[in-house]
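What follows is a short report on a single structure.
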Amino acid sequence: MNNLSSNIPPEIGNLTNFVYLDLKINQISGTIPSQIGSLVKLQILRTFDNHLNGPIPGEISYLRSLTKLSLGRNFLNGSIPASLGNLNDLSYLYLNENQLWPNSYGLQYVMMSHNNLSGELPLFICNLTSLQSLDLGRNNLIGAIPQCFGNMSGHLEVLEMQHNNLSVTLPTTFSIGRDNLLNDKFPMWLGTLPELRVLSLRSNKLHGPIKTLGSGTMFLELRMLDLSSNAFTGNVPTSMFQHLKAMRKIDPTKKAPSNEENGYYQNSIAVVTKGLDLEVVSILFLYTTIDLSNNKFEGHIPSIIGELSALRVLNLSHNGLEGHIPQSLGSLSSVESLDLSGNHLVGEIPAQFDSLTALEVLNLSYIHLEGCIPQGNQFHTFENNSYEGNDGLRGFPLSKGCGNDGHDSPSEETYTGSALDDESNYEFLNDFWKAALMGLQALHIFENNLNGSIPEEIGYLRSLTELALSTNFLNGSIPPSLGNLNNLSHLYLYENHLSGSIPAEIGKFVNLVEAYLQVNQLTGHIPPEIGKMRSIQNLSLYTNNLSGLIPKTIVPSVLGNLKNLNDLTLSNNQLTGSILSSFGNLRNLQTLFLSDDNLIEEIPSSICNLTSLTVPDLSRNILKEKILQCLGNISRLQYVTMSHNNLNGDLSSSICNLTSLQILDLGRNNLMGVIPQCFGNMSVHLEVLDMKHNNLSGTLPTTFSIGSALRSFNLNGNKLEGKIPQSLENCQRLEVLDLGDNLLNDTFPMWLGTLPDLRVLSLRSNKLHGPIRTSGSEHMFLELRIFDLSRNDFSKNLPTSLFQHLKAIRTIDQTLKEPRYLGDSYYHDSFMVSSKGLELELLRILTIYTTIDLSNNKFEGHIPTIMGNLIALRVLNLSHNRLQGCIPQGNQFHTFENNSYEGNDKLRGFTLSKGCGNDSHDSVSEKTYTGSALDEESNSEFQNDFWKAALMGYGTGLCIGLSIIYFLISTGNMKWLEGIVEDLEHKIMMARRKKK
């Protein structure tokens, strides 16, 4: 279901390996190209519900592997090619709602209703010995029904030919019909059919009295009886109503549609209800009706009808019935529509009718009634036309008032003209959607504020194909009654508060294509019945509390199970055990998310059989052993994430064969050995290479080529040696480079400053040495926000010209309205920082986070005053160097604390205890300020920053806290957070005033 338009291109014939082609429910137009016949491996072809026209190309008959062909709901015309008979494996053919005529054999279900088919019924249909459903309704077929049609009843379960122009007689082997010209007496022997629920003989030429049999077991399951518009005579048969057991008692267990045994055909019937001639497209078991209208019945209305407490519709209109209306009809507690009009009844309306609280439509017109209309809430809903033609009737809503009813005619008319008109309009609308729900196919109520539980009654919507209740506040368990929705193809319940286990009834969803139940609070095991959902393509259960093993029924045996599965997401649960080797049988699987579980053992080699796999995410488990060498054979891999496991062994050069690979994340494992040189060649397509915190050794690849796509390169925490390869200069899209915590031995790579998008550079904890020499260019490190050279052997003066270039730290971006992070939905950049003596990992890097860490080197000389222009700088660490002189004065330097400068014995000035003689501060005042306001600031800051960082969802401590605080205040958003530091701000201001 997309919005694809235009034509099917002839080039589709080049896709000769296609097995499954699904273009359903789009806006594709034009003809079906003859080149479709080249797809010789095709097994399933679906193009229904589009705008295709023209004939069916005969070349379709070349598709000898075809098992399902669905071309319905288009504008195809002409005859069906006789060569379709060559499709020996074809079991399902859907050509309904076109302008076609069939000519094919070996079929089970033929649906061609609602077309313009004409002509006579061909005899060859009788040869379709596998046929179970034949629906030719609502066409222009003419002529006689072949007698051999009766012989098909041995295998035919559904024969639907309503609304055609068929004539002559029925086959002698069966005889039920309506809206025809049948000329016969009432076939009482039909009452012996034990399962008969619906009997409609309306609009024929049936005649004579209805004579009942002596048996007490007649029509026991009958729920709908329609004999209207015939010529039946005599009394209404009292004994017949004695038998109608299904109408005499409300059975709460039978509230599902009648077509539960057949997913390919829905029973429908035309009825007259509430004055409307309607077609009920799906018959509810609870719907019960008796329609004897427009006949020649005479005598009294049998009082026994009042015992049919489950009856919803009673229509005895337009007969010759006489006498009084029986009081027993007031016991029809479920009746919604009652029509007795056009008879010869006399007397008053029984007072017992005020008990008919379910009554919505009442027609007592033209039957010679008199007296007062009963008063009550229900009778206030009926208008004048319910009673017209009864001159002796009085009372509301008629103009003739009853003296004792408390209403005169003007007030009654006023009431009718205001409240009742509104109520009548509401009633019409209310009835409309109630009726619509019976045939509802799609229910979308996502992204609202719904709460409470999902009602069990939702299982009655048996026509439903799509159910979307996602992104609400629904709680409680998933009702097992959902399993009754046999036609459901799409189920969306994600992002709610649903709890409890997944019901085993989910296995009944044999037509389900997509099931999204993620981000709830579901518990228990994944039910093995899930393996029965043979049509499922996308199954998402991530971020729940599911536990136990992955059921073996999810993965197919040689013969099947979930063989159509494309996407499987079970991440962020509490699943245990190993990854089943039978996963390799999911040959159509494209994405596999098993991250953040407790899976153990090795990755099975059968995973390499998944040749369609693009995204395997196995991160954050307890997997061990080596990375499979055969992964290099899965040519479609795009994102491979296996970080945070116990994988070991060497890296295989076969990974370099993955020319579609964009993300490779193997961080935080126990990998060892050297990095293959060919990894550098992968930068042409590889965007992220993350192998941090392993035991890799040797040197870095030197083969990074021009045109590199590399955006993030993280090898932090390994044992890499040698120099930083200058071929990294070719990676012009590089944003994050983290080579920290290795054994690299080189000078500072100033040429990295030419990378236009470089935002994060960490070379911390290596053996880098020498002075930092800058180039003459003014366009160096323009986007750099995080710069960490700590724990090396850099020497000489701090590079003044370097700080002139850092444009991203020199200005505050006022356009930011919400936090932005480096990375994308598949990969989050992370970074190690030192702050206040703590080693912290930023799990996600805010683009506004800025830091310069040059600590633990051998820098000497003065601190360049130009660093005061870095107004966006949040963290500065120059500690443990050989710096000397006075710390420059300025607002920016006042934001940094003692620990930014400690370990430099010859440094003086604010905020250190040693004052500078010419800076208008003595050491005592500086110390006092530091010891009061700033010490309190530091203490409260440590406590507050912890939970402020937690608010963003990360337990990474002070550094993220500082970024968030700065972001909120600098953008002017969320002023309420400023109150948190109000007291601190007051103390700082008071301290400054004292110094002045």
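The values are calculated or read from the model by the stated rules, or taken from the named source; none is laboratory data. Quick caveat: nothing in here was measured; it's all calculated off a predicted structure. Here the Cβ positions follow ideal geometry from the backbone for every residue, glycine too, while neighbour counts run over all protein chains shown. Surface areas here come from the heavy atoms of the whole protein model, side chains and all, with no ligands, DNA or RNA. Shrake-Rupley method; radii C 1.70, N 1.55, O 1.52, S 1.80 Å.
Could you give the nm distance between label points at GLU120 and GLN892, where each point is 7 Å from its Cα heading toward the beta carbon?
For GLU120 paired with GLN892, the spin-label model returns 9.8 nm.
Can you compute the modelled spin-label distance between HIS685 and LYS249, with each label point 7 Å from Cα toward Cβ, in nm?
It works out to 7.0 nm between the two label points.
Calculate the all-directions average of the projected area of region 1-100's alpha-carbon convex hull, and give it in nm².
On the way: hull surface 21.3 nm².
Mean shadow area of the hull around the Cα atoms is 5.3 nm².
What length, rounded to one decimal in nm, is gained on full extension from VAL19 through to HIS368, with 0.36 nm per residue of separation minus their alpha-carbon distance? Don't jump to the answer; show the numbers that get you there.
Details: separation 349, 0.36 × 349 = 125.64 nm, distance 7.13 nm.
Gain in length upon complete extension: 118.5 nm.
Let's see if you can work this out: charge +1 on each Lys and Arg Cβ, -1 on each Asp and Glu Cβ, no other charges. What is the dipole magnitude of region 437-579 about its Cα centre, in debye to the nearest 20?
Numbers: 6 positive and 9 negative charges, 96 e Å.
The calculation lands at about 460 debye.
What translational D, rounded to a whole number of µm²/s, comes out for region 492-575 from Stokes-Einstein when the hydrodynamic radius is the Kirkwood one over Cα pairs, at 10 °C and 1.306 mPa s?
Values: Rh = 12.6 Å.
The calculation lands on 126 µm²/s.
Roughly what would the spin-label model give for LYS723 and GLU860, points 7 Å off Cα along C-beta, in nm?
2.7
Give the shape of region 439-624 as rounded, prolate or oblate, defined through the alpha-carbon gyration tensor: a ≥ b ≥ c are the square roots of its eigenvalues, a/c under 1.5 means rounded, and otherwise the shape is prolate if a/b is larger than b/c and oblate if not.
In terms of gyration-tensor shape, prolate.
Taking all protein chains together and a probe of 1.4 Å, list TYR62, TYR901 from the most accessible to the least accessible. Working shown, then result.
Numbers: TYR62 135, TYR901 0 Å².
Ranked from most to least accessible, the order is TYR62, TYR901.
Only loop residues by DSSP count here, and only those with at most 15 other Cβ atoms within 10 Å; note down the trypsin sites (Lys or Arg not before Pro) in region 594-668 that meet that. Walk me through the numbers before you get to the answer.
Values: sites: ARG620, LYS624, LYS626, ARG636, ARG668; in loops: ARG620, ARG636, ARG668.
Counting only loop positions with at most 15 other Cβ atoms within 10 Å, the trypsin sites (Lys or Arg not before Pro) in region 594-668 are ARG636.
Label 7 Å along Cα→Cβ of THR233; region 193-207 residues with amide nitrogen under 16 Å?
205-207
Can you tell me how region 610-660 classifies by the Cα gyration tensor, rounded, prolate or oblate, using a/c under 1.5 as the rounded cut?
Numbers: a/c = 2.30, a/b = 1.39, b/c = 1.66.
Because a/c hits 1.5 or more and a/b fails to exceed b/c, region 610-660 counts as oblate.
If you roll a 1.4 Å probe over region 439-624 with all protein chains in place, what percent of the accessible area is carbon or sulfur?
Details: 3510 of 7220 Å².
Answer for region 439-624: carbon and sulfur cover 49 percent of the accessible area.
R0 = 41 Å: FRET efficiency of GLN327 with ASN183, Cβ-based, nearest 0.05?
Numbers: r = 38 Å, r/R0 = 0.94.
The pair GLN327/ASN183 has a calculated efficiency of 0.60.
Heavy atoms of the protein only, probe of 1.4 Å, neighbouring chains included. What is the accessible area of CYS656 in Å², nearest 10?
Its accessible surface works out to 30 Å², give or take rounding.
To the nearest 20 debye, what is the magnitude of the charge dipole of region 1-100 about its Cα centre, counting +1 on the Cβ of each Lys and Arg and -1 on the Cβ of each Asp and Glu? Could the numbers behind the result be given before it?
Numbers: 6 positive and 6 negative charges, 28 e Å.
Approximately 140 debye in magnitude.
When the solvent-accessible surface of protein heavy atoms is calculated with a 1.4 angstrom probe, in what order do THR591, THR129, THR699 fall, highest first?
Numbers: THR591 20, THR129 100, THR699 75 Å².
The ordering from most to least exposed comes out as THR129, THR699, THR591.
Please find the FRET efficiency linking ASN899 to SER6, where r is the Cβ-Cβ separation and R0 is fixed at 45 Å, and quote it to the nearest 0.05.
Details: r = 65 Å, r/R0 = 1.45.
That pair, ASN899 with SER6, gives E of 0.10.
Order MET161, MET642, most accessible first, counting only protein heavy atoms with a 1.4 angstrom probe. Please list the in-between numbers first.
Values: MET161 30, MET642 5 Å².
Order by accessible area, largest first: MET161, MET642.
Just the accessible area per residue of region 1-100, please: how many Å² with a 1.4 Å probe? Let's see the in-between values first.
Numbers: 4690 Å² over 100 residues.
Value for region 1-100: 47 Å² per residue.
Where in region 442-484 are there GluC sites (Glu not before Pro) that are in a DSSP coil and have at most 16 other Cβ atoms within 10 angstrom of their Cβ? Spell out each step's value before the answer.
Values: sites: GLU447, GLU456, GLU457, GLU466; in loops: GLU447.
Here the sparse-neighbourhood loop sites are GLU447.
Keeping all protein chains in position, work out how much accessible area VAL519 exposes to a 1.4 Å probe, and write it in Å² to the nearest 10.
50
Would you please give the FRET efficiency between SER91 and HIS525, computed as 1/(1 + (r/R0)^6) with r the Cβ-Cβ distance and R0 = 25 Å, to the nearest 0.05?
Values: r = 35 Å, r/R0 = 1.40.
It comes out at approximately 0.10.
Any chance you could tell me what percent of the C-alpha pair distances in region 644-731 go past 22 Å?
Numbers: 683 of 3828 pairs.
Beyond 22 Å sits 18 percent of the P(r) for region 644-731.
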